[in-house]
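Have a look at the structure below before the remarks.
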Amino acid sequence: MGYVAGEYDVIVIGAGHAGCEAALATARMGCNTLLLTINLDMIAFMPCNPSIGGPAKGHVVREVDALGGEMGRHIDKTFIQMRMLNTGKGPAVHALRAQADKFQYQHLMKETIEATDNLTLRQGMVEELIVEDGVCKGVVTKTGAQYMAKAVVLTTGTYLRGKIIMGELMYESGPNNQQPSIKLSESLRQLGLELVRFKTGTPPRVHKDTIDFSKTEIQPGDAEPKFFSYETTEAPKEEQLPCWLTYTSPETHSIINSNLHRAPMFSGAIEGTGPRYCPSIEDKIVRFADKPKHQLFLEPEGRNTSEYYVQGLSTSMPEDVQLSMLRSVPGLEKVEMMRNGYAIEYDAVVPTQLWPTLETKLISGLFTAGQINGTSGYEEAAAQGIMAGINAARKVQGKEPVILERSQAYIGVLIDDLVTKGTAEPYRLLTSRAEYRLLLRHDNADLRLTPLGHEIGLISEERHRKFLEKKERVEQEIERLKQTKVKPEEHVQQMLREAGTVELNNATDLITLLKRPEVSYAHLESISPSPVELTDEMKEQVEIQIKYAGYIEKQLLQVERLRKMEQKRIPDDIVYEDVHGLANEAKSRLAKIRPLSIGQASRVSGVNPADISILLVYLEHYNQVTAAKK
Amino acid sequence: MIHDTIAAISTPLGEGGIAVIRVSGPEAIAEVERVFQSKKPLSAAATHTVHYGFIVNKETGERIDEVLVTVMKGPRSFTAEDVVEIGCHGGIVSVKKVLDLLLTGRTRIAEPGEFTKRAFLNGRIDLSQAEAVIDVIRAKSDRAYQIAMKQAEGSLSARIKKLRHELVELMAHIEVNIDYPEHDVEEMTNAFIRTRCEAAITEIDRLLKSAEQGKIMREGIVTAIVGRPNVGKSSLLNTLTQENKAIVTDIPGTTRDVIEEYVTVNGIPLRLLDTAGIRETSDVVEQIGVEKSRTALAEADLILLVFNGSEPIHEDERLLLEQLADRNVIVIVNKTDLPQQLEMEELTRRIDAERIVRMSLQEESGIDELEAAISAIFFSGQVESNDLTYVSNVRHIALLKQAKSALGEATEAAESFVPIDMIQIDVRRAWEQLGEVIGDSVGDSLLDQIFSQFCLGK
Ligand SMILES: Nc1nc2c(ncn2[C@@H]2O[C@H](COP(=O)(O)OP(=O)(O)OP(=O)(O)O)[C@@H](O)[C@H]2O)c(=O)[nH]1
Ligand SMILES: [Mg+2]
């Protein structure tokens, strides 16, 4: 019953957050692209929390945007609340977080995809990959359609052999009761890919009209919302919606405790490994027994819906227990549960089987991105999606791959962690995973990545021009502050008094003044405004780059020191078994990971500095020998 | 390739002789100049010249040693980089101080085999020697690793582990504030961070004090003198130390406890252990002594096995010879002044001839031969100079100092209202440096700490 249904440059399987970014990137880079997904109504769906961003994750959205991705632009158009978090801390950890209208977000993403040239969107369940001589050539769907392609990107999220678990109930399913993908998982296993079983979960949703908000605390959005995308200039017209804070009660805890025997977490029904940073409520209560109460945030799922998401109450308890748990919470005494929470188990690809391009080492032309690689989170998925898309397109076009460094982007940290170290639980980005946190700021994602996005072809000329202008103005303004001296005149002293700092004795340049903790750029502006107009973003940039120059330089120095290690390539055909003197453990780990550079090799677990020294000597030897042969 | 500047002691340590510290890298000359006082500035020196002067701590004005400094500019040097060698006169203590002083600047201690590695990478060593270079790195690293492991069991390591644990708790707390800003965990304040950092600094100061008093580790190749009772072990110790430290009598079983002494033999530092003669005995005190002898034997890097030449080989001695087959042993046949009964052919069958020394301690003969045998073993590389042990001590002190200064910066930052995520940079650095002292890799332990200390989730 099979038939050849079409031929493409790239096929993307699964239109979640990773798949959408991947397909949009390949299409925009000029590849004829097919995006296949099980259900067209579920494009860019948020099966769990209705929010995007936060520390590290928000940074990633900015990075995706700076590279020319879509997540930022779409959430900017569809948020119902926007907050800048960590404003009391340093600029590197300021983080934007949006509550999404998850339905609007989906619709808008579908429209974008439908309107994109070179991109065909089709509903279909892929059941098998066509692989010949270790090269991926296409896919076969349930209906027998064979689509051929030069590269295939798998972005199937939690659908692979998905299984929903709730109390004693257990059934095969994708998230939110979607059809799971059973055969594809088998196909991957047969091709020789190693899979692991992971688990995640989601809390129940409740009806807004049955919540007594008077017993909860209001959590409004920022009065002047900031945006994710560097292109967004205006907020949606509608008012922002608040979230609400409440807590579990002693009764909630006793309900859970007396029903633990029915919890799949503890009965052994769940075999997959769940994330430590996202435990279910039953897990939290068992592990932190002395904590009297836990925070719960009530978050609207959209403007045109009454569903509220109960953040903090992720659970796989039986339905009846879920309801009594909910009703033991202040404000939720009479609540109606609209959807229950559940745990979901799924297969993921062991990510150490991937190159840093996200192509599998085993099958050429096959890329994987998103939750299938063992990550969690929409943002992490989008980030991998765009990178897999970029690299798939570049492979098809015969161009060099694009690999981001750890010192360049959170995306670089994420992918390097996955492919070099692997992960024992669903992987979530945290700012503490980045060793160069101060360089990977929220505010400078464009400076870090937009030139690259432009080079790749995902950033328009117009946007690039604006970016260059911003960069130039910032540099000029810093130069001006360096050159401009102020004397201890009265208006200067008055400004300093107002700022709460000591007055001047001698003429001083503005840079030195700005380095004082109490003095802000706004203070300087009041005594010496810039001759050219600067946007708020430009002023922010000037301020951060000057104020934190000392710390920034320290980190840059560290990066510089390690750079030569990162740039030292390891040839493809190296046989670690033959490297004299290398410890056995290092040999086997390196042979498995096949790092591309000495820098990457040094991060492989079980490889110590002596092994790296030996590898360097070996490579030098190797290079001299190969040079001599030529 | 850009390299940083490295330093290490490049000759075996001895009390009388000259020890050389080798410094290599782009800043080698500037770094030595920083601590060197002489008529002409080192930066003006021509290549391949020697300069007389003093190593001085220019901050305190303390004069540390009288030295000869050799300047060799790259590429005409061992590593093909700028190399400066400092010949120190003052023995172990001053060499250590000089190196310590260098490491307070932009110089770091060389990794095992790093000079050789650089020489190779810079094309100074022939291709055919690549494998030899690798072997040097491997051997030295393994040895350094063993030493680190040995230390990891000690009390220093327990204290550092505790200190690190306190720091990682602090870090986890800071990280949670950053990564989970809306969670109901205690807000981290600068004042809180400051108190914790100050407490950590106090503890590091204590560690530094004991490190500098040499309590962290005793130096010298552990050399056990063993043998049956009355063969002349204590006499050997007394002869080598030229003092009458150990009691010598003609009663077998005189030495009951391990006696420890430090000597240098041809510049090689030895930590000599005189032990109770090994034999079956019903005397409880002596039994304990024999037990201690066996422990010393197990831990020794070098064993001096003493026989009485005027007696036939005893069964106990045959057993010892067998047990020590894989070890670094020098056999001493003592009392050659008396009529000989010992079966020399049997000994030479079991032990290489150059490892057997015949001597009479009473007549003080054979001492030069013994010293020559020790040097031979040592310089053939069979007994690794414990300059690695020693250097690792210097390295510890340098790391402890760096950790302390990082914490100092953190404290200062906390006072001047620097945001917590920036203070964290310095706290983390201190934590990593302390980890290096005990060979603990950075790993995932911060994340582990975050998730075990705090209840987080959606
Ligand atoms: N004739 C002769 N006597 C020696 C020589 N060396 C040591 N002695 C004597 O041998 C006796 C034992 O010497 P020690 O040095 O006490 O022997 P030890 O091995 O330490 O003995 P324990 O401590 O009892 O195990 C003493 O009376 C020494 O004077 C030597 O070269 N020639
Ligand atoms: Mg004795």
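With respect to B:Ile6, is the statement that it is within 30 Å of B:Arg271 (Cβ to Cβ), modelled with pLDDT of 85 or more and crowded, with 17+ Cβ neighbours inside 10 Å true?
Yes.
Looking at the range B:253-302 only, could you name the residues that are of a type in the set (S, T, N, Q) and either touching a Pro at 6+ places or on another chain (Cβ under 7 Å) or away from ligand 1 (no atom under 14 Å from the Cβ) (or both)?
B:Thr264, B:Asn266, B:Ser282, B:Thr295
If you scan the range A:244-276, which residues turn out to be of a type in the set (Phe, Trp, Tyr) and over 18 Å from A:Gln322 (Cα atoms)?
A:Trp244
Counting just the residues of the range B:417-439 that are in a loop (DSSP other than H, G, I, E, B) and under 22 Å from the mean Cα position of the chain (by Cα), which one comes out nearest to the other protein chains (Cβ to nearest Cβ)?
Looking at the filtered set, the residue picked out is B:Gly439.
Does any residue of the range A:299-312 turn out to be buried (at least 22 other Cβ atoms within 10 Å of the Cβ), free of Cβ contacts under 8 Å to residues at least 60 places away in the same chain and not in a loop (DSSP other than H, G, I, E, B)?
Looking through the range A:299-312, none of the residues is buried (at least 22 other Cβ atoms within 10 Å of the Cβ), free of Cβ contacts under 8 Å to residues at least 60 places away in the same chain and not in a loop (DSSP other than H, G, I, E, B).
Has the range A:581-597 got at least one residue that is at pLDDT 85 or above, surrounded by 15 or more Cβ atoms within 10 Å (Cβ to Cβ) and on the phi > 0 side of the Ramachandran plot?
Yes: one or more hits.
For the range B:155-185, which residues satisfy the criterion of being in a helix (DSSP H, G or I) and free of Cβ contacts under 8 Å to residues at least 40 places away in the same chain?
Those that are in a helix (DSSP H, G or I) and free of Cβ contacts under 8 Å to residues at least 40 places away in the same chain: B:Ser155, B:Ala158, B:Lys162, B:His165, B:Glu166.
Just for helices (runs of 4 or more DSSP H) wholly inside the range B:221-336: which have at least 3 residues that are surrounded by fewer than 18 Cβ atoms within 10 Å (Cβ to Cβ) and away from ligand 2 (no atom under 16 Å from the Cβ)?
Helices (runs of 4 or more DSSP H) meeting the threshold: B:284-299, B:315-323.
Report yes if A:Glu425 is in a loop (DSSP other than H, G, I, E, B) and either among the charged types (D, E, K, R) or over 16 Å from the mean Cα position of the chain (by Cα) (or both), otherwise no.
The answer is yes for A:Glu425.
For A:Pro330, indicate whether it is modelled with pLDDT of 95 or more, on the phi < 0 side of the Ramachandran plot, part of a loop (DSSP other than H, G, I, E, B) and touching a Phe, Trp or Tyr at 6+ places or on another chain (Cβ under 9 Å).
Criteria met by A:Pro330.
Out of the residues in the range A:261-282 meeting the condition of being within 14 Å of chain B (Cβ to nearest Cβ) and modelled with pLDDT of 90 or more, tell me which one is nearest to A:Thr210 (Cα to Cα).
Among those residues, the one meeting the criterion is A:Ile281.
Could you go through the range B:303-310 and let me know if any residue there is more than 12 Å from ligand 1 (Cβ to nearest atom), within 28 Å of the chain's Cα centre (by Cα) and touching a residue at least 24 places away in the same chain (Cβ under 8 Å).
Yes, because at least one residue in the range B:303-310 is more than 12 Å from ligand 1 (Cβ to nearest atom), within 28 Å of the chain's Cα centre (by Cα) and touching a residue at least 24 places away in the same chain (Cβ under 8 Å).
Any residue at all in the range A:143-162 that is in a loop (DSSP other than H, G, I, E, B), within 30 Å of A:Glu234 (Cα to Cα) and modelled with pLDDT under 95?
Scanning the range A:143-162, I find no residue that is in a loop (DSSP other than H, G, I, E, B), within 30 Å of A:Glu234 (Cα to Cα) and modelled with pLDDT under 95, so the answer is no.
Taking the residues in the range A:212-234 that are among the charged types (D, E, K, R) and under 20 Å from the mean Cα position of the chain (by Cα) as candidates, determine which candidate is farthest from A:Leu67 (Cα to Cα).
Result: A:Lys226.
Name the one entry in B:Thr239, B:Thr249 that is of a type in the set (Ser, Thr, Tyr), under 21 Å from B:Met359 (Cα atoms), under 30 Å from the mean Cα position of the chain (by Cα) and within 12 Å of ligand 1 (Cβ to nearest atom).
B:Thr239
Of everything in the range A:130-145, what is surrounded by 15 or more Cβ atoms within 10 Å (Cβ to Cβ) and in contact with a Phe, Trp or Tyr (Cβ under 7 Å, 6 or more places away or on another chain)? Give them in sequence order.
A:Gly138, A:Val139, A:Ala145
The values are calculated or read from the model by the stated rules, or taken from the named source; none is laboratory data. Just so you know, these numbers come straight off a predicted model, no measurement behind them. Heads up, the Cβs are rebuilt from the backbone with ideal geometry, glycines too, and the neighbour counts pull from every protein chain shown.
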